[in-house]
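Structure first, then comments.
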2 protein chains.
Amino acid sequence: MAGNVRVEQLQPQLRSAGVDLAVIRMTENVLFVSGHFVQIAGAGFAVVPAEGEATLLVPEYEAPEAAEVWGGALETFPVIRNDRPAALEVVRERLRALAVRHADGGSVGYEGSSETLAPPAQAGEAGAVALPTRRLFEEAFGGRELTDVTELLEATKAVKTGRELEKLEIANEIAGFGMLAFKEAARPGRTEVEIAAAVETAIEVPGHGDRGARVVRGYATVYSGPDLTDGWQYFRSRPRRVEPDELVMLELGTLVDGFWADHTRTVVAGRASSEQRAAYEAVREAAAAALAAAVPGATGGDVDATSRSTCASAGFAQFPHHTGHGLGFRLHESRPQLVPGGTHELRENMVLVAEPGIYQAEIAGGIRYEDAAVVGPGGARLLGGTDYGFDD
Amino acid sequence: MAGNVRVEQLQPQLRSAGVDLAVIRMTENVLFVSGHFVQIAGAGFAVVPAEGEATLLVPEYEAPEAAEVWGGALETFPVIRNDRPAALEVVRERLRALAVRHADGGSVGYEGSSETLAPPAQAGEAGAVALPTRRLFEEAFGGRELTDVTELLEATKAVKTGRELEKLEIANEIAGFGMLAFKEAARPGRTEVEIAAAVETAIEVPGHGDRGARVVRGYATVYSGPDLTDGWQYFRSRPRRVEPDELVMLELGTLVDGFWADHTRTVVAGRASSEQRAAYEAVREAAAAALAAAVPGATGGDVDATSRSTCASAGFAQFPHHTGHGLGFRLHESRPQLVPGGTHELRENMVLVAEPGIYQAEIAGGIRYEDAAVVGPGGARLLGGTDYGFDD
């Protein structure tokens, strides 16, 4: 069962940190540890002891699905219903029992620093770990010390397993449905919001069921015209109609069963100017050079520098936002960061994006291009993508 | 300027709590205090001193939009760019200066218990308040005590201002576009995901720009057929095709500039059975009775009991999930909760939903109906809605 690989990786690290058991509650971390994507944020707990079998606690109705991917102990608790014991009371008792079983004089690990988190798939609230969870753990574990294990989780998470890479391939494939729809829809006379809706529909309708995908959501933002020079950073789709020969940019996040893809495409709604074409080629070359430089042992700073120097060789200044970042269990994982001077060291099977951008009046807007790739000895291997052109 | 009403409400409460100044960081709380909807979660701070002028800190590019709604002091900091000081370094210095100006021997208020939070409008991460923010505040404020002001914020937030009610009217109006599209789309042969995409498109395309709306997102989940008897609680849209005369349920969250609408509609893709029609009428009557009972001074428990007894009078058992909840700055605000024995007291201009549901094999699925309304002396007044029928 896939979950156990992650448990096996975490246990020696917990022992080194003097942690008897870690209680993981954030949706994306429960997915990381167990392979199961909890629907209601906060209503799922992975309990990983430093030694012995890990336990996954999920709402009753999720047990069958969780059992498909999780090979450890599985316990359930009621949610939603008012005619049953309150969910957190049941969880507290179960945690207390697990704490007794796994008490060896150490502390309890928790996600103390995990205050940013992936958006949930539905409109219901996201769940982080702050005072209420600390209080729950204090009640469940008495006065035992809490140890923040966020860094340990983040570092382990950055290198993906085979199953996770397969899930990310699916997410990137489904994102491709949306990028194709973008190329079709980015036409003069269409509004930015119409184009964005076409992209999201192209992701959500064929995406559900594609290679087993169950929960799919597209987040498309489309921005167009000269405002791209500055406005790209405060991006939101507007009712603005695209004019002939204008630049149109798609920023796209795609969520598939808790795994994330992150893409940018820029096209011209008509014919590109020679300056725009040169800038587009510079951006594409910079992105390709960055991914080629993303080999095990390179640093985030190395990759960033490669992208910027490639852009500069083509006569353009790459904008000083990051060149890229890690991703997978969220749109932006904490590592590796591909930034000037970045010290994160790349390792095989890290997943990252390169997204160099040029924004200036000379090209009447801005151009960015972004794909995800898997770090390997020959450079990073693309996860999906598109092969359409920049203009008509 | 609208923001100041909230500041004036909060200041005496901060003084009573011995708080010199409160630093608000969660997107929905910054919106609540200032009227400004920050785009990047965590990249916006409202600093409310117990006395004197409040300050809003936003990214540089948001200053013009923030100034449209915020009348207090406005400061900016750089984000995204690597060629400028780091955002949090600038924020820390600005907080330090504000702390010196507003030091009177008291503590610093923060959102310590705010670990659940509204989804962001884009795919980027949501931001809660955990150890990293506490560390930022420790650096900015030295060793000053931190006081959790979450409860104070939640209680104040539950009663909406005139401007907020207007924003919620807009959100509910835009949600109505989606509910109309649902009635059109919920036909035999359509898949659940097709229907959901049609709803989201109907919200996002005409929604942007409607009465000034800038950021609009629909979260539609559609579920259909006999699986609704149990599966409604683990809801996700599937590639399943609706069969003739089946029940089809829409669960819909609508985000408009940081304000949320929450709706459920159930229709029949053809002709209802007599049992289904009776259950639908019971649910509608229960919802109407709940809203009529939502007057100032009533408790959440009173409203819940009214809904359940109305359902029972029609010969049905209302399912033991909550009858409803407060909302506005998120889909589920912490109060009032309309649950058995609920003690939250309703006040004029609280916004809440009633969403009674019946799920049983006798009706070949489940039926729920949900609208939002504003508490007033004559009962709660609906915010938008639809007037189409249950079946053909």
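Could you state the orientation-averaged shadow area of the convex hull built on the Cα atoms of the range A:259-300, in nm² to one decimal?
Result: a mean projected hull area of 4.5 nm².
Between A:E345 and B:S273, what's the calculated FRET efficiency when r is the beta-carbon distance and R0 is 51 Å? Round to 0.05.
That gives a FRET efficiency of 0.20.
How many angstrom lie between the Cα centre of the range B:341-364 and the Cα centre of the range A:177-245?
Distance between centres, Cα-based: 36 Å.
Using only the alpha carbons of chain B, determine the length spanned along each of the three principal axes and report them from longest to shortest in whole angstroms.
Extents along the principal axes: 70, 46, 34 Å.
How much of the DSSP bridge set in chain B is antiparallel, in percent, rounded to the nearest 5?
DSSP beta bridges in chain B are roughly 80 percent antiparallel.
Buried by at least 30 Å² relative to the chain on its own: which residues of the range A:73-104 qualify, computing accessible area with a 1.4 Å probe on protein heavy atoms?
A:I80, A:R81, A:N82
Of A:T323, A:G385, A:H344, whose Cα points farthest to the positive end of the dipole of the range A:287-392 (charges on the beta-carbon: +1 Lys, Arg; -1 Asp, Glu; origin at the Cα centre)?
Value computed over the given set: A:H344.
Quote the convex hull volume per residue of the range B:10-124, based on C-alpha atoms, as a whole number of Å³.
107
Among A:L252, A:T266, A:S237, which residue has its Cα positioned farthest towards the positive end of the charge dipole of the range A:220-274, with +1 placed on the Cβ of Lys and Arg, -1 on the Cβ of Asp and Glu, and the dipole taken about the Cα centre?
Of the listed residues, the answer is A:S237.
Report in % the part of the accessible area of the range B:1-126 that belongs to carbon and sulfur, leaving out ligands and nucleic acids; probe 1.4 Å.
Taking all protein chains in place, the range B:1-126 shows 50 percent carbon and sulfur surface.
Beyond 18 Å, what share of the Cα-Cα pairs of the range A:268-392 is found? Please give it as a whole percent.
48
Answer with one residue from A:A278, B:L56, A:V193: the one whose Cα lies farthest towards the positive end of the charge dipole of the protein assembly as shown, charges on Cβ with Lys, Arg +1 and Asp, Glu -1.
Among A:A278, B:L56, A:V193, the one farthest towards the positive end of the dipole of the protein assembly as shown is B:L56.
In Å, what is the Rg of the alpha-carbon atoms in the protein assembly as shown, and how long is Dmax?
Both quantities, over Cα of the protein assembly as shown: 25.6, 78 Å.
Counting DSSP beta bridges in the range B:1-119, what percent are antiparallel, to the nearest 5?
45
Pop out the carbon and sulfur fraction of the accessible area of the range B:258-356 as a percent, whole number, probe 1.4 Å.
51
Need the C-alpha centroid separation for the range A:82-107 versus the range B:113-134, integer Å.
A separation of 26 Å, based on Cα centres.
Based on DSSP, what percent of beta bridges with both residues in the protein assembly as shown are antiparallel, to the nearest 5?
80
Using unit Cβ charges (K, R positive; D, E negative) and no other charged atoms, how large, in debye to the nearest 20, is the dipole of the protein assembly as shown about its Cα centre?
Dipole of the protein assembly as shown, to the nearest 20 debye: 180 debye.
Take the rotation relating chain A to chain B, measure from its axis to every Cβ in chain A, and name the nearest residue with the distance in whole Å.
A:A128, 2
Given the convex hull of the Cα atoms of the range A:332-389, what is a quarter of its surface area in nm²?
If I average the Cα hull's projected area over directions, I get 5.7 nm².
Points 7 angstrom from Cα along the Cβ direction at B:E53 and A:T156: gap in nanometres?
So the two model labels end up 5.1 nm from each other.
For Cα pairs less than 8 Å apart in space and 6+ apart in sequence, what is the mean separation divided by the residue count of chain B, i.e. the relative contact order in percent?
With pairs under 8 Å counted, the relative contact order is 14 percent.
Please sort through the DSSP H helices of chain B and keep those with an alpha-carbon extent of at least 24 Å along the long axis and a Kyte-Doolittle average not below -0.5.
Qualifying helices: B:162-185, B:274-292.
In the range B:178-308, how does Rg compare with the Kirkwood Rh, expressed as the Rg/Rh ratio over alpha carbon atoms?
My calculation of the ratio gives 1.02.
What does the net charge come to around B:P320 if you take all other residues with beta carbon closer than 11 Å to its beta carbon, with K and R at +1 and D and E at -1?
Once positives and negatives cancel, what remains is +1.
How big is the B-A contact in terms of buried accessible area, both chains counted, 1.4 Å probe, rounded to the nearest 100 Å²?
So the total buried area for this chain pair works out to about 5500 Å².
Tell me, what is the per residue accessible area of the range B:226-309 in Å², probe radius 1.4 Å?
The answer is 32 Å² per residue.
Any idea what the dipole of chain B comes to, in debye rounded to 20, about its Cα centre with Lys/Arg Cβ at +1 and Asp/Glu Cβ at -1?
Once rounded to the nearest 20, the dipole reads 260 debye.
Roughly how big is the range A:276-392's charge dipole about its Cα centre, with Cβ charges of +1 (Lys, Arg) and -1 (Asp, Glu), in debye to the nearest 20?
That gives the range A:276-392 a dipole magnitude of about 260 debye.
So if we plug the beta-carbon distance of B:R81 and B:T229 into 1/(1 + (r/R0)^6) with R0 = 60 Å, what FRET efficiency do we get, rounded to 0.05?
Efficiency at R0 = 60 Å is approximately 0.65.
Keeping every protein chain present and rolling a 1.4 Å probe, give me the accessible area per residue for the range B:29-103 in Å².
37
Just to confirm a number: summing +1 for Lys and Arg and -1 for Asp and Glu over residues other than A:R6 whose beta-carbon lies under 11 angstrom from that of A:R6, what do you get?
Local charge sum for A:R6: +1.
When the convex hull of the Cα atoms of the range A:33-83 is projected onto a plane and the area is averaged over all directions, what value comes out in nm²?
Computed as one quarter of the Cα hull surface, the answer is 3.8 nm².
Counting each DSSP H run of 4 or more residues in chain A as -39500 (n - 2.57), what helix-only mean residue ellipticity at 222 nm follows after dividing by all residues, to the nearest 500 deg cm²/dmol?
Only helices count here, giving -11500 deg cm²/dmol.
Tell me which residues come under 5 Å, amide H to amide H, from B:L74 once H is placed; ignore anything under 5 positions away on its chain.
Residues meeting the amide H criterion: B:L56.
The values are calculated or read from the model by the stated rules, or taken from the named source; none is laboratory data. Computed from a predicted model, the values in this text were never measured in an experiment. Ideal geometry is used to build each Cβ from the backbone, glycine not excepted, and the neighbour counts take in all protein chains shown. Accessible surface areas use protein heavy atoms only, side chains included; no ligands, DNA or RNA. Shrake-Rupley method; radii C 1.70, N 1.55, O 1.52, S 1.80 Å.
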